[in-house]
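Below you'll find the structure, written out as structure tokens, and then a few comments.
The values are calculated or read from the model by the stated rules, or taken from the named source; none is laboratory data. Please read all numbers here as calculations on a predicted model, not as lab measurements. Cβ sites come from the backbone with ideal geometry, for glycine too, and all protein chains shown count toward neighbours. Ligands, DNA and RNA are excluded from the accessible area calculation, which covers all protein heavy atoms including side chains. Shrake-Rupley method; radii C 1.70, N 1.55, O 1.52, S 1.80 Å.
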Amino acid sequence: MAVRRTRTRPGRPAYAVAAVLAAAALLAAGPQVAAGEPPPPAPAPPAAQAPAAAAPAFGAYLDYGPRGVARMAELSHWLGGAELSVGHTYLPGDRWSNIAGAPGFLDVWADWRTREADRMLVLNVPMMERNEEGLDDDEVRALLRQGAAGRFDHHYRALAQRLVELGVPDTVLVLGWEMNGTTYSHRCGPDPEAWKTYWNRIVTTMRAVPGQKFRFDFTPSRGRDAIPWTECYPGDATVDIIGMDSYDQPRGMSFDEQVTEPYGLQHHVDFAKAHGKPVSYPEWGLFRNGDNAEYMRRMLAWMDEHKPVYNTLTDYCPHGVWQCDDNPRSTAVYRSVLFGRTDGPAPEAPEPTTPTAPPVPTVPTAPEPAADCSPLNLGDWVEYWLGGKLCMRLDWYARHK
């Protein structure tokens, strides 16, 4: 798609584990504190509702850093205990030191992944630094050729070693995503042949690191965009999954047109099948057509039909349904379809009844402190390791007089 999408993500966390210990000591020495009150429990599914069927592995992009991990449990609760087995984040594309996996940033995601054997970590990996700075085609072309010649191999070797050391050697790497567009410096259009050679060098370099079990996900945006994404495909030997980022755009396009357009959803699954690869949907959600319940219903049905390796909804405004209040009709569809789902076998259905979708709650999407409790801003890392925000009760002085 030709529309440029700029998605703002919070910066890399600045706190280290030492900050957690320091904060805990400070709190222990001060006045009494209490954890923020949890949100009210989500409504239970109606008694007459049939058990939900099994679904492909799914999750959502909820935040760039530790808050994204913490919010996964909250989203699962809101979905009636549905199993969110996919965690999705992005390496910063500002400088090479971050693309190589700067110490501290990936630790929290690795911790989440290794707590359960069936979890999946999906990591978007830029192919260039200054990845969202609008470099012109001549500069991008020169950089792609430098990458193809091996100039940047050492950064990806360092990233692979870092992921293996953290115990997540099976991470799914969405390398150079949306390369068929114009948003990113790692785009393919200025020199497709150099881009493909560069992709192959990165994959070969990372696969050479002992202990790795990476899967590489080739993920264009849906449609033709600036260049047909098939012209950027680097070959079956270095691609494990063929993904697609598919938002509800451009304005006025129906879901049927999204399926049948050149290089659209149907082309995607047909291309993957022809190459013997599974599909994925690393980014999807609402966009140019607003609160579009039909898109939400059809996209969920599409994924149920085509069984991607995983899908992760982009859950912030304007794309999302849980952290965004702008899309109530789509929120109701998403929640009713995924409520209570797991990756296990589908349970035996009870006697037929008329199913009733669970109501969309009006509770906040994140815990709120009690009325007599003032929240303390300790930072992402502290809040993650302590299990949420802490707050200072306003009546502590009176209770100790």
Of the criteria (1) crowded, with 20+ Cβ neighbours inside 10 Å; (2) touching a residue at least 40 places away in the same chain (Cβ under 8 Å); (3) assigned to a loop (DSSP other than H, G, I, E, B); (4) within 20 Å of the chain's Cα centre (by Cα), which one Tyr263 fails: (4)
If the requirement is being more than 15 Å from the chain's Cα centre (by Cα), in contact (Cβ under 8 Å) with a residue 60 or more places away in the chain and open to solvent by less than 60 Å² (accessible area, probe 1.4 Å), which of these qualifies: Gly150, Gly101, Gly134, Gly65? Gly101
Going through the stretch 265-288 one residue at a time, which ones are closer than 29 Å to Asp326 by Cβ and out of contact with any Lys or Arg (no Cβ under 6 Å at 6 or more places or on another chain)? Leu265, His268, Val279, Ser280, Tyr281, Pro282, Glu283, Trp284, Gly285, Leu286, Phe287
Please tell me if Thr197 is β-branched (Val, Ile, Thr) and farther than 30 Å from Val108 by Cβ. yes
Within the stretch 307-344, work out how many residues are of a type in the set (D, E, K, R), assigned to a helix (DSSP H, G or I) and without any contact (Cβ under 8 Å) to a residue 60 or more places away in the chain. 1
For Glu305, the lone unmet condition from (1) of a type in the set (D, E, K, R); (2) more than 30 Å from Lys213 (Cα to Cα); (3) open to solvent by 50 Å² or more (accessible area, probe 1.4 Å) is (2)
Given the residues Gln249, Gln258, which is the only one that is in contact with a helix residue (DSSP H, G or I) (Cβ under 8 Å, 6 or more places away or on another chain) and either open to solvent by less than 50 Å² (accessible area, probe 1.4 Å) or modelled with pLDDT under 95 (or both)? Gln258
Going by the conditions given, is Ala142 part of a loop (DSSP other than H, G, I, E, B), open to solvent by 30 Å² or more (accessible area, probe 1.4 Å) and of a type outside the set (Val, Ile, Thr)? no
Out of the residues in the stretch 305-320 that are in contact with a Gly (Cβ under 8 Å, 6 or more places away or on another chain) and β-branched (Val, Ile, Thr), state the one that is farthest from Phe287 (Cα to Cα). Thr312
Could you check, for the stretch 188-206, whether at least one of its residues is within 21 Å of the chain's Cα centre (by Cα), assigned to a loop (DSSP other than H, G, I, E, B) and surrounded by 22 or more Cβ atoms within 10 Å (Cβ to Cβ)? no
Hey, can you tell me all the residues within the stretch 308-330 that are open to solvent by less than 10 Å² (accessible area, probe 1.4 Å) and among the hydroxyl-bearing types (Ser, Thr, Tyr)? Tyr310, Thr312, Thr314, Ser330
Within the stretch 156-174, residues being open to solvent by 10 Å² or more (accessible area, probe 1.4 Å) and either hydroxyl-bearing (Ser, Thr, Tyr) or part of a helix (DSSP H, G or I) (or both) number 6
